[in-house]
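Take a look at the structure below.
The values are calculated or read from the model by the stated rules, or taken from the named source; none is laboratory data. Predicted model only: the values in this text are computed from it and were never measured. Methodologically, a virtual Cβ is constructed for each residue, glycine included, from the backbone with ideal geometry; neighbour enumeration extends over all protein chains shown.
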Amino acid sequence: MKAVSLSPGQPSPLGATFDGEGINFALFSENAEKVELCLFDSPGAQVESQRLELRERTNHIWHGYLPGAQPGLIYGYRVHGPFAPAAGHRFNARKVLCDPYARSVARDLKWSKAVSDFDEDSASAAPLARVISSTFEWRGDYPLRTPWHETIIYEVHVKGFTQLHPDVLPKLRGTYAGLASPAAIEHLQKLGVTAVELLPVHYHIDERFLAEQGRVNYWGYNTLGFFAPDPRYSSSGFDGAVDEFKEMVRRLHLAGIEVILDVVYNHTAEGGEHGPTLSLKGIDNTSYYRLAGNRAQYVDFTGCGNSLNMAHPHTLKLIMDSLRYWVTEIHVDGFRFDLASALARELWEVDRLGAFFDIIHQDPVLSEVKLIAEPWDLGPNGYQVGNFPVLWSEWNGKYRDCVRCFWKGQGGSIGELASRLAGSSDLYSHNGRRPSASINFITAHDGFTLRDLVSYNSKHNEANGEGNRDGCDYNDSWNCGAEGPTDNPAINALRAQQLRNFLATLFLSQGVPMLLAGDEFGRTQHGNNNAYCQDSPLAWIDWNLSKEQQALLEFTTEIIRLRKCQPVFRRRRFFQGRPIRGKEIKDLYWVKPNGEEMSAADWNAGHALTLGLGLIGDQIDEVDTQGEPITGDGFILLLNASGEPVSFRLGARPHAVQWHCIIDTAFEDVPPRIFEHRALFLLQPHCFVVLRAELLTASVAE
């Protein structure tokens, strides 16, 4: 490379920015003594070809301008300063550091002595950044802004979704382009989901212990670059990852599907005091990380060795700049924040009105996108379900646990189950939020798949190489009588019925349903409830569906269609549960098997395994965008988690001449059945039934 020198440049924007004539470099470090820009001739270069000192420093931002430089330039930094762990400083100029604002990564980390040993130079092994200047044409792409109450989320891993898909071109399988392929989009559209929630796609690294065992961090919760899409999912390699990601977003938008990113801003891949120095740790450790009282160790609310220092303005700026970039430049529609309670810890306690949330709320860009919290971390008082502020929705772990326990036949508070089915107003109504604050899920990437939830009592994580010690021991699962696969037809029939029960419950509950990819047809991980390191067929979706899987897919598609066409299942406001505007008709009611409404004494009776829920379709008390009243059909939902049949009297409200049974999970194919008002309905064991009212009236009950 020809020798060059830097002119002063500008302190803003941070990162490497091409202006058409050269590149401006800007890096924040409050405590550094010297910063050098390292230029590499190629991704495989073992050492930098030039070191250029950033001599200008403005408000702790080191900057310089390289005239004539072009996109494609590969670079890193060496940051000089004291190595004084007792004071919190871990500067080491032997380590080449990746720009935290890098938009593109030029090469991956190579684990070796060069990375792990303090005295070794890491130029041959460090991950490097690449300067980009995208000319991508969005061709009229715009935010879909799907209303929350109409949203159906599909949690999916980019690679795992198409790696085995026979109708995706082999070179596109497991990539961003594969997820945007016609076959993938066709499945999403037929299923009826409105948004994909992608497991982490920010650039991440594989932990050393995994690399040494020949495994990877498949889920990706080990971020190093908050601006760069991970090139491992790019069909065109490192060079084309950014534009390929944008094209994926554009095509999904054309199909009416939003893109939500699972993001990890609570910690980074640099780990604790014994972890590698790859970026922030060597740039300014005391600014970017929360340090313990002795300053040599890290506060760890995440279980991953470190926690980002949300009390520092430049750490907040890094996160906010990253979020805005993904919205404005990449056109994503929202974010799910991993271990979001950690982001709220300004000092020690979780503060739901912390600086991070204040900034989000006043931001004109981020306040308009979908914001989802995983409302817990591993620190004290970290479980914060129901405590996040307005604008935020939350993964409702209480919904998951309650619904699992009910269908397991374990019983519990019937009042809690009623609340979960009705949108969890006990958790979200106190601060003005609506049912959409509850992201309802029964399974997610972390834990059993839905098939495994009804097939295993215990985890089976031996393939992870950790002696089955990893993963959660408490799953509220029930194997229906045998551990794992069985030839017993009665057990297999019960498992199929339980799958239908869970799916019907999920999609007919108030709130926002989230479906784990593959659960629509009963994907299995063979009892592994922690497949974070399984980049293998164990974690990939197998599209070779059996007859039983195809039947479950059809059931899931039908239950989603029912939700989408009946507004009573996706209300914007909580049920009132009382007479509306002075009328006797309520918008919902709860019934006992004798047809009478639940009384206070019934709610306080303790455990129960049967429940009826009536939904009044013409008493929604909401209007559409044109101001017209929203109305729909009336329904009764009957749930029986016991092992015995139960007779339900089809009385109370809503008033109907006839009841049409449209879903009965006791049958794979629901026989057409019509029941007269006040008739007895025999509810089979382990069963979910949906009855639609015909000829609704507003008369008083008999």
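Values for this structure:
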| item | result |
| --- | --- |
| Selection count, region 145-171, where residues are buried (at least 18 other Cβ atoms within 10 Å of the Cβ) and more than 18 Å from the chain's Cα centre (by Cα) | 4 |
| Filtered residue count, region 400-440, keeping only those that are more than 25 Å from Leu609 (Cα to Cα) and buried (at least 24 other Cβ atoms within 10 Å of the Cβ) | 2 |
| Filter result for Pro67 (out of contact with any Lys or Arg (no Cβ under 9 Å at 6 or more places or on another chain) and within 30 Å of Arg295 (Cα to Cα)) | no |
| The listed residue being in contact with a helix residue (DSSP H, G or I) (Cβ under 6 Å, 6 or more places away or on another chain) and touching a residue at least 40 places away in the same chain (Cβ under 8 Å), out of Gly76, Gly64, Gly88 | Gly88 |
| Residue match in region 507-527 (condition: surrounded by fewer than 21 Cβ atoms within 10 Å (Cβ to Cβ) and either touching a strand residue (DSSP E or B) at 6+ places or on another chain (Cβ under 9 Å) or not small (Gly, Ala, Ser) (or both)) | yes |
| Any hit, region 454-466, residues being modelled with pLDDT of 95 or more, touching a His at 6+ places or on another chain (Cβ under 8 Å) and under 25 Å from Ala340 (Cβ atoms) | no |
| Wholly enclosed strands (runs of 3 or more DSSP E) of region 43-140 bearing at least 3 residues over 24 Å from Glu33 (Cβ atoms) and not acidic (Asp, Glu) | 105-107 |
| Output for region 32-66, where each listed residue is among the hydrophobic types (A, V, I, L, M, F, W, C) and surrounded by 14 or more Cβ atoms within 10 Å (Cβ to Cβ) | Ala32, Val35, Leu37, Cys38, Leu39, Phe40, Ala45, Leu52, Leu54, Ile61, Trp62, Leu66 |
| Filtered residue count, region 458-472, keeping only those that are exposed (fewer than 14 other Cβ atoms within 10 Å of the Cβ), of a type outside the set (Lys, Arg) and part of a loop (DSSP other than H, G, I, E, B) | 2 |
| Condition met for Gly397 (touching a residue at least 40 places away in the same chain (Cβ under 8 Å) and either surrounded by 18 or more Cβ atoms within 10 Å (Cβ to Cβ) or more than 16 Å from Arg571 (Cβ to Cβ) (or both)) | no |
| Neighbours by Cβ (under 6 Å, 6+ apart or cross-chain): first from region 569-598, buried (at least 19 other Cβ atoms within 10 Å of the Cβ) and part of a helix (DSSP H, G or I); second of a type outside the set (S, T, N, Q) and at pLDDT 65 or above | Phe569/Leu508; Phe569/Arg563 |
| Single condition Ile414 does not satisfy, out of (1) at pLDDT 95 or above; (2) among the β-branched types (Val, Ile, Thr); (3) more than 21 Å from Arg495 (Cα to Cα) | (1) |
| Any hit, region 85-92, residues being more than 23 Å from Phe25 (Cα to Cα) and under 35 Å from the mean Cα position of the chain (by Cα) | yes |
| Unique residue being touching an Asp or Glu at 6+ places or on another chain (Cβ under 7 Å) and among the hydroxyl-bearing types (Ser, Thr, Tyr) when the list is Ser49, Ser42 | Ser49 |
| Some residue of region 312-331 being under 24 Å from Val259 (Cβ atoms), touching a strand residue (DSSP E or B) at 6+ places or on another chain (Cβ under 6 Å) and touching a residue at least 24 places away in the same chain (Cβ under 8 Å) | yes |
| Unmet requirement for Glu273, which otherwise passes all of (1) acidic (Asp, Glu); (2) more than 25 Å from Ala195 (Cα to Cα); (3) out of contact with any strand residue (DSSP E or B) (no Cβ under 7 Å at 6 or more places or on another chain) | (3) |
| Given (1) surrounded by 23 or more Cβ atoms within 10 Å (Cβ to Cβ); (2) of a type in the set (A, V, I, L, M, F, W, C); (3) over 27 Å from His267 (Cβ atoms), index of the condition Ala69 fails | (1) |
| Total residues in region 620-646, condition under 17 Å from Lys564 (Cα atoms) and assigned to a loop (DSSP other than H, G, I, E, B) | 9 |
| Check on Pro8, surrounded by fewer than 16 Cβ atoms within 10 Å (Cβ to Cβ), under 36 Å from the mean Cα position of the chain (by Cα) and of a type outside the set (Val, Ile, Thr) | no |
| Of the criteria (1) more than 22 Å from Tyr154 (Cβ to Cβ); (2) among the charged types (D, E, K, R); (3) touching a Phe, Trp or Tyr at 6+ places or on another chain (Cβ under 7 Å), which one Arg495 fails | (3) |
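Residues are listed down the side, and each one gets a yes or a no for (1) over 29 Å from Met598 (Cα atoms); (2) within 18 Å of the chain's Cα centre (by Cα):
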{"residue": "Tyr383", "(1), (2)": "yes, yes"}
{"residue": "Gly386", "(1), (2)": "no, yes"}
{"residue": "Gly432", "(1), (2)": "no, no"}
{"residue": "Ser436", "(1), (2)": "no, yes"}
{"residue": "Gly465", "(1), (2)": "yes, no"}
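Condition check ((1) more than 24 Å from Leu650 (Cβ to Cβ); (2) modelled with pLDDT of 75 or more) across all residues:
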residue	(1), (2)
Thr557	yes, yes
Pro567	no, yes
Ile580	no, no
Asp587	no, yes
Trp590	no, yes
Trp603	no, yes
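Let's see how each residue does on (1) assigned by TED's automatic domain parsing to the domain that holds Leu109; (2) buried (at least 21 other Cβ atoms within 10 Å of the Cβ); (3) modelled with pLDDT of 95 or more; (4) under 26 Å from Ala102 (Cβ atoms):
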| residue | (1), (2), (3), (4) |
| --- | --- |
| Ala177 | no, yes, yes, yes |
| Ala180 | no, yes, yes, yes |
| Leu191 | no, no, yes, no |
| Leu198 | no, yes, yes, yes |
| Asp206 | no, yes, yes, yes |
| Val216 | no, no, yes, yes |
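Yes/no per residue for (1) touching a residue at least 12 places away in the same chain (Cβ under 8 Å); (2) over 22 Å from the mean Cα position of the chain (by Cα); (3) within 30 Å of Glu554 (Cβ to Cβ):
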site	(1), (2), (3)
Leu198	yes, no, yes
Asp206	yes, no, no
Phe209	no, yes, no
Asn222	yes, no, no
Lys246	yes, no, no
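Rundown of residues vs (1) in a loop (DSSP other than H, G, I, E, B); (2) touching a Leu at 6+ places or on another chain (Cβ under 8 Å), yes/no style:
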{"position": "Ile360", "(1), (2)": "no, yes"}
{"position": "Leu378", "(1), (2)": "yes, yes"}
{"position": "Asn387", "(1), (2)": "yes, no"}
{"position": "Arg400", "(1), (2)": "no, no"}
{"position": "Val403", "(1), (2)": "no, yes"}
{"position": "Phe406", "(1), (2)": "no, yes"}
{"position": "Leu417", "(1), (2)": "no, yes"}
{"position": "Tyr428", "(1), (2)": "no, no"}
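Listed here are the residues, each with its yes/no results for (1) assigned to a helix (DSSP H, G or I); (2) among the hydroxyl-bearing types (Ser, Thr, Tyr); (3) over 24 Å from Val201 (Cβ atoms).
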site	(1), (2), (3)
Ser287	yes, yes, yes
Arg295	no, no, yes
Gly305	no, no, no
Met310	no, no, no
Lys317	yes, no, no
Asp321	yes, no, no
Trp326	yes, no, no
Val332	no, no, no
Ser341	yes, yes, no
